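Peer 1: Below you will find the structure I want to go over with you.
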Amino acid sequence: MVLLQHGAQGIMITKRQAQTLSCVIPGLNEAENLPALLPVLVAKLRELVPDFEIIFVDDGSTDATPLVIEQLRQTYPQLVYLQLSRNFGKEAALTAGLEASRGQVVVCMDADLQHPPALIEAMLERWSTGLEMVYAVRETRDDETWMKRAGTSLFYKLMRTSNGLRVPRDAGDFRLMDRCVVDALMALPERSRFMKGLFAWVGFPSEPIYYSPAERLHGVSRFRPTKLLRFAVDGLTAFTTWPLRLLSLLGAVLAMLSFSYGLFIIFKHLLYGDAVRGWTTLITVVLFFAGVNMLSLGVVGEYVASIFAEVKHRPLYLVHRRRGQGLAQASEPAPDQKQLATPDQDPQQG
């Protein structure tokens, strides 16, 4: 907390100091990026806090990432390696890292070097003034295609229609959080975890910090257009109900138009008579309403699928192997974690 002390010269503000810090890095096939990231990150954290841990969550890598991690752990004992049993997705991997973290403050960042470790110092400085969360926001998206920029803009506009929830525009997973924020996130029971929405939902005093992402040294982005669309749909169905309300409104409007058109046909027939015609118009109207029905079923189906995933109560992720203790001693895994191997033990060795 920020302490206010009364002195002879008036009120003096004493900033809080972070004693421990956890850095959570979810990744997939980051064998080339980790050797470049770790030295810079460790050097920066040594300057900022007395004790820290770096938790790398391997979300089912198929390259040499496990071997690279084993080599890096010999140099950096602060490195904790969580290897998930398969690819569960970035949201699950990020949750696994947050649940394993024990620091007073927690920093989430990517392994592709686009999140500069130097920015952590500015984040800590703002946290020390009393903020509970500091999130990084991209200054510009000029490096992206116009289609992706347009889709991103539309997505955030749609998210802002949801029951007062405000997801900060262009804010990613690169952020610093106080322990109270992490505990609040871990207390949320849902398994369909759209982390950008959860970060906004828990609230707490927050503030953006603007940055320009560095160039990716190795690899390419794995968020293809289809995956981004799936990600957007998951976010909208997890935090908004306006698609269902829009369907209800659309149904009411179409019903009123159909009823009005029916009255028009009846009065026209009674007054002037009407020959049998309009086959093309009839087929067009039938196909239109059929399309609306299928669209409505699809939207409802997305919400039903979310309910189906929740009621099964499956673990959000499974940990296959853990290497390193970090800031905490070995403890029982959380209920949703289901750790398959004990720390520093290879399950194949018994």
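Peer 1: Apply the Debye scattering formula to the range 168-216, with a single equal point scatterer on each alpha-carbon and no solvent, then give log10 I(q)/I(0) at q = 0.20 Å⁻¹.
Peer 2: Debye output, listed in q order: -0.76.
Peer 1: If each of ALA122 and ARG169 carries a label point 7 Å out from its Cα toward its Cβ, how far apart are those two points in nm?
Peer 2: Those two pseudo-labels are separated by 2.0 nm.
Peer 1: How would THR95, THR62 rank on accessible area, largest to smallest, probe 1.4 Å?
Peer 2: Sorted by accessible area, descending: THR62, THR95.
Peer 1: Same structure again: Can you give me the solvent accessible area of ILE307 with a 1.4 Å probe, rounded to the nearest 10 Å²?
Peer 2: 100
Peer 1: Multiplying the sequence separation of GLU310 and ASN87 by 0.36 nm and subtracting their Cα-Cα distance, what value in nm do you get?
Peer 2: Gain on stretching GLU310 to ASN87: 78.4 nm.
Peer 1: Quote the FRET efficiency, to the nearest 0.05, computed for GLU47 versus THR140 with a Förster distance R0 of 30 Å and r equal to the Cβ-Cβ distance.
Peer 2: Plugging the Cβ-Cβ distance into 1/(1 + (r/R0)^6) gives 0.55.
Peer 1: Convert 4 °C to kelvin, take the viscosity as 1.567 mPa s, use the Kirkwood radius over C-alpha pairs of the range 10-141 as Rh, and evaluate the Stokes-Einstein diffusion coefficient in µm²/s, rounded to a whole number.
Peer 2: Rounded to a whole number, D works out at 83 µm²/s.
Peer 1: Once you have the Cα-Cα distance between LYS268 and THR75, take 0.36 nm times their residue separation minus that, and quote the gain in nm to one decimal.
Peer 2: 60.8 nm
Peer 1: Right, next: Between ARG179 and MET147, what length in nm is gained on full extension when 0.36 nm per residue of separation is reduced by their alpha carbon distance?
Peer 2: Taking 0.36 nm per residue and subtracting the Cα distance, the gain is 7.8 nm.
Peer 1: Roughly how many nanometres apart are two label points built 7 Å out from the Cα toward the Cβ at GLU215 and SER260?
Peer 2: 5.9
The values are calculated or read from the model by the stated rules, or taken from the named source; none is laboratory data. The model shown is predicted, which means the values in this text are computed figures rather than measured ones. Glycine also receives a Cβ, built like all others from the backbone with ideal geometry; neighbour counts cover every protein chain displayed. For accessibility, only protein heavy atoms count, side chains too; no ligands or nucleic acids. Shrake-Rupley method; radii C 1.70, N 1.55, O 1.52, S 1.80 Å.
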